[in-house]
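The values are calculated or read from the model by the stated rules, or taken from the named source; none is laboratory data. This structure is a prediction, so every number in the text was calculated from the model and none was measured. Backbone-built Cβ (ideal geometry, glycine too); neighbour counts: all protein chains shown.
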Amino acid sequence: QDILLRSSDTHPDGYPTVEAVKYMGELLKERSAGRIAVEVYHSAQLGEEKDTIEQTRAGVIDLNRVSMGPFNGLVPETRVVSLPYIFRSVEHMHKVMDGDIGADILSGFEAHGLVGLAYYDGGARSFYNREKPINSVEDLKGMKFRVMQSDIFVDMVAALGANAVPLPYGEVYSSIETGVIDGAENNFPSYESAKHSEVAKHYSLDEHLIVPEVLVMAKSSWDKLSADDQALVKQAARDSVAKQRELWAAREEASRKMVEDAGSQITTPDKQPFIDAMGPVYEKHVTDDKLKSLVERIRAVQ
Amino acid sequence: MISTTALWTAGAGLVVMTGMVAYQVYCRYVLNDSPSWTEPGAVMLMSWFIFLGAAVGVRENNHLGFDILLYILPRGGKRVLRMISDLVILTFGLGMIYYGLQLVQLTWNAILPSLGISGAFDYMPVVGGGILVSLFTIERIVLRLAGAPVDEGLELASPEAEVELDAASDITGTKG
Amino acid sequence: MELWILFGTFVTLMLIGTPIAFCLGVASFATVAYMGLPPLVVFQRLNSGMSVFSLLAIPFFIYAGDLMVRGGIASRIVAFAGSLVGHLRGGLGQVNIAASTLFGGISGSAVAEAAAVGGLMIPQMKARGYGVDYAVNVTSMSALIALLLPPSHNMIIYSISAGGKISIADLFTAGIIPGLMLAGALMITAYFVAKSRGYPTEPFPGFQAVAHLAAVAVPGLLLIAIIFGGVRAGIFTATESSCVAVLYALLVTVFVYRQMKWEAFVDATLGAVRTTAMVLLIIGTAAAFSWLMAFLRVPASLVAAMNAVSENPYVILLLMNFLLLGLGTFMDMGPLIIIATPIFLPVAQAYGVDPVHFGVIMILNLGIGLNTPPVGAVQFVACAVGKISVWRAMRSIWPFYGAGLIVLGLITYVPALSLWLPSVFK
Ligand code: NA
Ligand code: NA
């Protein structure tokens, strides 16, 4: 083996994204006759996403599977896909990201020392809480939800009449348990694996955020590869996407079943009033023409 | 002078940090409305006060170390070892400046969530701390070469010497 | 080769007396440079490793401890403890332990505790004819009670290092019985050592005096209820409780006891800055060091090696206890929790050990390491207060180590001691 590509992921071993990058490594090994190998460092062994993005940009590590959120401050195009309710469904998101718009957003990484390789599924994020089932926007009024450190999410929660509480992810479990906050928001696999389902039994499928995750490569590592190897890497990354989506769907289903069996109540509120409440968020965050046109293009995709 | 300023600034940082976290609890629990800047703000203040305080610690020679070999060796040998140690610390201090600046450059265009300022602010404490650590270490090296007793703090902790610290109040400030 | 450079540089620098923080930092720096990686990653880890909200608990609890010492909270607690147990054999030794237990319930840091209780008790014990080594050893070992009784910043660090899936409220509750067991074991040990050395007892001051001293100590002791109740009731998080402790200590010392003067406040603040800067710089450089260990796949190899030795959970736990005691001898507690938790916890869990239970084991185990040279912050503080060398304290500390190890063994093999109380609160 001549080339070892080190890849970071904050998710634990066995998670669909971790397995997809491992799969990509198998493909590469096979297709390069053993010259290229991929090694995945899962469970945030090399740091949180913000840190590993910097490490990738500096060429310390070669590959990185990251959420879109941490890129919002760096690559403005990624802000569009992080807008609440921008995608109507997971299928809509797939169509958009697999097409020209997805390619345009990937190219935005180039200016920051990164090569965007592929999009993975991150499922849909919804609210969950310890108090009561959420069936309407009114039910959210006055409740405290932990959100990620992102202005868009803080404003989204405010627009729904609830309070955003920025807390470190590691303190969420304890904080829900003791009632410092009423709940948080995430997809089924994280809700289940972070054990938040133990302390917050009400999950409401409002699906406010359907956001893909992204696999990036360090530009410096990319440039060291021959044109042939670059093509190999790109193709293997693309081929890992189908595998990841398949694993993701299975995992989501399994997690959902696990939390339901453990007593979580899942409600499905009407999404339209939630979407209607997002006016101020879009007004505040979709400011320049480039972002406006991206929003329109995404909405136009059927 | 620089050292006193650094220490007082760090102390003020600790007090402000206390205020920020208290404000966070107050807003969330009493007003039911959490400010999003207190957490990243307090963390950024903490990294400033750590680097400032650590640099002062270098000057005052009170960082925790394993100094058994220093007890056994004669005075001349001790001087050599302390000199090597100071050069090691100086290397690290210079690394903090040089690579801290690289990190500042790398993150210049990134915007920090909630604070809305450049990501470079995260790494400025590294550069600032590096400058102070380097300055204070050079000072120690120069003073030692000039024959000043800069390693006295060390003698205090030696097994046979009496530790001249009276109240517990002085201890928390100088050891562990 | 990379590992040889990493550990070789670290050990060499440590032997020549370079401060630990810089040993860790420069060893990482040298290794990264040898591997041809961009060295900026060392300084990124340094900064990210300490820029963690939960670590705020360290400066705050140390600051609160400093304020309590200078503002009269600690001295009133010692007086109250004296009236309670001073009449037992080795009276002032028992007072020391009782005071540590009470103070441990409001202090989140063993170092602050050793300084506080030791500063008040050791001079008194000396004056009454107790051996200084005895006074120092009782102080340093009973300071460890603060680690187990809530609040405890090390438990917060543990929960965070475990990925936040462990309830801090449960950890706090789980430490209570082990903390009291340690207090009991130390009191028994102190009794027998005092008996063999012929130490005196204090007269019992009468119930009226006890009641009076209790009343005077109440404002300080109320902090136990405020912190434990506040965290359990969801008013603030465990990290935030450290800040509440600072505010409450200020409130009591300024307005109730009226003992906190401007100079004392400044001293406490600057003292806390000095101490915490040192501790947190080590945590930062340890983050760079452990990043390299992860990069070089050390944890995975270690786990494989341990699995190869035995599959019996009791043997694995014993093995981990030995490894942790060994590591704790040479390293500081905070960084060690950060490095060791992601390595050991998955192994322990694979053998069916509850993460809350494992946390309590780890805290007490590494706590004992705070009392072992060459790196033993609590022991250094106690020795400095008693003005004796570490080597002199070491000569007669063994019965107290024995007490600590017996409690550690009980906690390791009887999970209910840790897990029963949290299950009651559920
Ligand atoms: Na405590
Ligand atoms: Na030790």
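Summary table below
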item	result
Residue in the range A:51-71 that is at pLDDT 95 or above, charged (D, E, K, R) and within 15 Å of the chain's Cα centre (by Cα) present	yes
Residue, farthest from the chain's Cα centre (by Cα), within the range C:406-426, restricted to residues that are within 19 Å of C:Leu366 (Cα to Cα) and surrounded by 17 or more Cβ atoms within 10 Å (Cβ to Cβ)	C:Pro415
Helices (runs of 4 or more DSSP H) within the range C:87-166 that include 1 or more residues under 18 Å from C:Arg70 (Cα atoms), modelled with pLDDT of 80 or more and within 16 Å of ligand 2 (Cβ to nearest atom)	C:110-127
Every residue from the range C:248-258 that is at pLDDT below 85 and in contact with a helix residue (DSSP H, G or I) (Cβ under 6 Å, 6 or more places away or on another chain)	C:Val256
A:Leu140 free of Cβ contacts under 8 Å to residues at least 24 places away in the same chain and surrounded by 22 or more Cβ atoms within 10 Å (Cβ to Cβ)	yes
Matching entry among A:Glu192, A:Glu185 (being under 23 Å from A:His92 (Cα atoms), within 17 Å of the chain's Cα centre (by Cα) and in contact (Cβ under 8 Å) with a residue 12 or more places away in the chain)	A:Glu185
Check on A:Tyr128, closer than 14 Å to A:Ala242 by Cα and modelled with pLDDT of 95 or more	no
Test: residue in the range C:53-68 that is out of contact with any Cys (no Cβ under 6 Å at 6 or more places or on another chain), within 27 Å of C:Asn371 (Cα to Cα) and away from chain B (no Cβ under 11 Å)	yes
Selection count, the range B:1-12, where residues are more than 8 Å from chain C (Cβ to nearest Cβ) and assigned to a helix (DSSP H, G or I)	7
Residues (within 14 Å of chain C (Cβ to nearest Cβ) and either crowded, with 22+ Cβ neighbours inside 10 Å or not in a loop (DSSP other than H, G, I, E, B) (or both)) located in the range A:124-137	A:Asn129
Residue within the range B:2-9 that is surrounded by 15 or more Cβ atoms within 10 Å (Cβ to Cβ), over 19 Å from C:Phe10 (Cα atoms) and in contact with a Ser or Thr (Cβ under 8 Å, 6 or more places away or on another chain) present	no
Qualifying residue in the range A:23-38 (condition: assigned to a helix (DSSP H, G or I) and within 11 Å of chain C (Cβ to nearest Cβ))	no
Every residue from the range C:313-337 that is closer than 15 Å to C:Pro373 by Cα and polar (S, T, N, Q)	C:Thr329
Residues satisfying the stated conditions in the range C:15-25, i.e. part of a helix (DSSP H, G or I), buried (at least 24 other Cβ atoms within 10 Å of the Cβ) and at the interface with chain B (Cβ under 7 Å from one of its Cβ atoms)	C:Ile20, C:Ala21, C:Phe22, C:Gly25
Residue ranges of helices (runs of 4 or more DSSP H) in the range C:311-426 with at least 1 members under 29 Å from A:Thr178 (Cβ atoms), without any contact (Cβ under 8 Å) to a residue 12 or more places away in the chain and more than 16 Å from ligand 2 (Cβ to nearest atom)	C:333-350, C:416-425
Subset of the range A:78-107 (residues that are in a loop (DSSP other than H, G, I, E, B) and within 14 Å of chain B (Cβ to nearest Cβ))	A:Ser82
The range C:90-115 residues that are closer than 21 Å to C:Ala194 by Cβ, paired with ones that are of a type in the set (S, T, N, Q) and away from ligand 1 (no atom under 14 Å from the Cβ) (beta carbon under 8 Å, 6 or more apart)	C:Gly90/C:Thr201; C:Gly91/C:Thr201; C:Leu92/C:Gln124; C:Asn96/C:Thr139; C:Ser100/C:Thr139; C:Ala114/C:Thr139; C:Ala114/C:Ser140
Enumeration of residues in the range C:7-29 that are more than 9 Å from C:Thr285 (Cβ to Cβ) and of a type in the set (Val, Ile, Thr)	C:Thr9, C:Val11, C:Thr12, C:Ile16, C:Thr18
Any hit, the range C:263-277, residues being farther than 30 Å from B:Gly130 by Cβ, assigned to a helix (DSSP H, G or I) and not small (Gly, Ala, Ser)	yes
Residue in the range C:233-247 that is free of Cβ contacts under 8 Å to residues at least 60 places away in the same chain, under 20 Å from C:Ser75 (Cα atoms), surrounded by 15 or more Cβ atoms within 10 Å (Cβ to Cβ) and touching a helix residue (DSSP H, G or I) at 6+ places or on another chain (Cβ under 7 Å) present	yes
Selection within the range C:340-375 - crowded, with 22+ Cβ neighbours inside 10 Å and modelled with pLDDT under 80	C:Val375
Residues that are buried (at least 22 other Cβ atoms within 10 Å of the Cβ) and more than 9 Å from chain B (Cβ to nearest Cβ), drawn from the range C:383-399	C:Ala393, C:Ile397
Leading residue by the ranking (nearest to B:Gly119 (Cα to Cα)) among those in the range C:30-48 that are surrounded by 24 or more Cβ atoms within 10 Å (Cβ to Cβ), facing chain B (nearest Cβ under 9 Å) and over 26 Å from the mean Cα position of the chain (by Cα)	C:Gln44
Residues being under 25 Å from C:Ile160 (Cα atoms), not in a helix (DSSP H, G or I) and not polar (S, T, N, Q) - total across the range C:26-53	1
Selection count where residues are within 16 Å of ligand 1 (Cβ to nearest atom) and among the hydrophobic types (A, V, I, L, M, F, W, C), scope the range C:342-361	1
Selection status of C:Pro178, in a loop (DSSP other than H, G, I, E, B) and either under 16 Å from the mean Cα position of the chain (by Cα) or within 16 Å of ligand 1 (Cβ to nearest atom) (or both)	no
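Rundown of residues vs (1) out of contact with any strand residue (DSSP E or B) (no Cβ under 8 Å at 6 or more places or on another chain); (2) outside any loop (DSSP other than H, G, I, E, B), yes/no style:
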residue: A:Gly122; (1), (2): no, no
residue: A:Phe153; (1), (2): no, yes
residue: A:Val165; (1), (2): no, yes
residue: A:Ser190; (1), (2): yes, yes
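A quick yes/no check of all residues on (1) within 9 Å of another protein chain (Cβ to nearest Cβ); (2) surrounded by fewer than 15 Cβ atoms within 10 Å (Cβ to Cβ):
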residue	(1), (2)
C:Val252	no, no
C:Glu263	no, yes
C:Leu270	yes, no
C:Ala294	yes, no
C:Leu302	no, no
C:Ala305	no, yes
C:Glu311	no, yes
